[in-house]
Amino acid sequence: MTVRPARRATSWSRAKTVGATFAIGALITGVALPAFSSGADPVSATTLAVAEEGSAQSFSSTDEIRAEIAPRGSFSATTPQEIEETRSRAVAAALAAGMPLSSAVDIPIADHVVLPMAAGSYSYTDGFGASRPGRSHLGQDFAAPIGEPIQAAMDGCVSRSTESFEGYGVTIQIESIVDGEAVSTVYSHMGYGTRAVEVGDCVEAGQYIGDVGSTGYVFGSCLHFEVHIGGAPVDPMTWLAGRVS
């Protein structure tokens, strides 16, 4: 039985904030190349390449996306719970109105980066850049049994949290600032009902956000993890290599 790490409350007072605009580009998952090995027993996890154009996994948005530490403006909220509720309402209202979150939000600077899963709990399978019919794999798959905990790779705020996002299945997206750059991390194929954060929530590096699953277009259970810098996808393992501590 997997023991889930305790969820930590958002630390408002410790967060250092800076404005940032995120233009999120296309996110596409599919079958990937075998990459590195963590030493754990291999678990087969191969993402399904969908042949039909209408079923292709993709995401595009021209909206600016930012996530907040605290709501802008003057509010009567004083307790952490009241501030959290006010912030969540502000984020929800911005999204419902089709407005960029930049109208109300700031995000923390991330000075600590970790892998999205604990050492020994996964094996690397499909990697960045694998060939697809008309597309390529834009993330790294961490193959693991259903129910293994997933953690935020760095401090940031949630811009997407959903039980169903096209071919990605259960997905969480977190916005961060690292070395002065806008960084988006995507966590997908998660288990139904395991998401521990919602849009507008702020998280810390290593904080539990949900469990490994097999939702969306995928064979086997895995975490599909993507990193986007200023809206452009990059190899997650290359980017993490010089930053994980």
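The values are calculated or read from the model by the stated rules, or taken from the named source; none is laboratory data. From a predicted model like this one, the values you see are computed outputs, not experimental measurements. Virtual Cβ from ideal backbone geometry, glycine too; neighbours counted across all protein chains shown.
Right, G216: small (G, A, S) and either closer than 20 Å to T125 by Cα or in contact (Cβ under 8 Å) with a residue 12 or more places away in the chain (or both) or not?
Yes; evaluated as a whole, the condition is true for this residue.
If you check S214, S176 for being touching a Gly at 6+ places or on another chain (Cβ under 7 Å), crowded, with 21+ Cβ neighbours inside 10 Å and not hydrophobic (A, V, I, L, M, F, W, C), only one passes: S176. Looking at the range 179-194, is at least one residue free of Cβ contacts under 8 Å to residues at least 24 places away in the same chain, on the phi > 0 side of the Ramachandran plot and among the small types (G, A, S)? Yes, there is a match, as at least one residue in the range 179-194 is free of Cβ contacts under 8 Å to residues at least 24 places away in the same chain, on the phi > 0 side of the Ramachandran plot and among the small types (G, A, S).
In the range 153-163, is there at least one residue being of a type in the set (V, I, T), within 11 Å of the chain's Cα centre (by Cα), more than 12 Å from S214 (Cα to Cα) and surrounded by 24 or more Cβ atoms within 10 Å (Cβ to Cβ)? No, there is no match, as no residue in the range 153-163 is of a type in the set (V, I, T), within 11 Å of the chain's Cα centre (by Cα), more than 12 Å from S214 (Cα to Cα) and surrounded by 24 or more Cβ atoms within 10 Å (Cβ to Cβ).
Considering only residues of the range 125-152 that are modelled with pLDDT of 90 or more and not hydrophobic (A, V, I, L, M, F, W, C), which is surrounded by the most Cβ atoms within 10 Å (Cβ to Cβ)? So that I can check it myself, show each step before the final result.
Going residue by residue through the range 125-152, those that are modelled with pLDDT of 90 or more are 140-152.
With not hydrophobic (A, V, I, L, M, F, W, C) added as a condition, the list becomes 140-141, 145, 147-149, 151.
Working: Q140: 27, D141: 33, P145: 16, G147: 14, E148: 22, P149: 21, Q151: 19.
Filtering first and then ranking leaves D141.
Restricting attention to the range 89-107, the residues that are more than 19 Å from the chain's Cα centre (by Cα), surrounded by fewer than 18 Cβ atoms within 10 Å (Cβ to Cβ) and either part of a loop (DSSP other than H, G, I, E, B) or modelled with pLDDT of 70 or more (or both) total 6.
Restricting attention to the range 108-125, the residues being more than 14 Å from the chain's Cα centre (by Cα), in a strand (DSSP E or B) and over 12 Å from F225 (Cβ atoms) number 3.
If you go through the range 183-229 and pick out every residue that is of a type outside the set (S, T, Y) and closer than 14 Å to T171 by Cβ, you end up with 23. Restricting attention to the range 161-172, the residues that are in a strand (DSSP E or B) and over 21 Å from A118 (Cβ atoms) total 2. In the range 188-197 there is no residue that is outside any loop (DSSP other than H, G, I, E, B), modelled with pLDDT under 90 and of a type outside the set (G, A, S). In summary, C157 fulfils each of the numbered conditions (1) assigned to a strand (DSSP E or B); (2) modelled with pLDDT of 95 or more with the single exception of condition (2).
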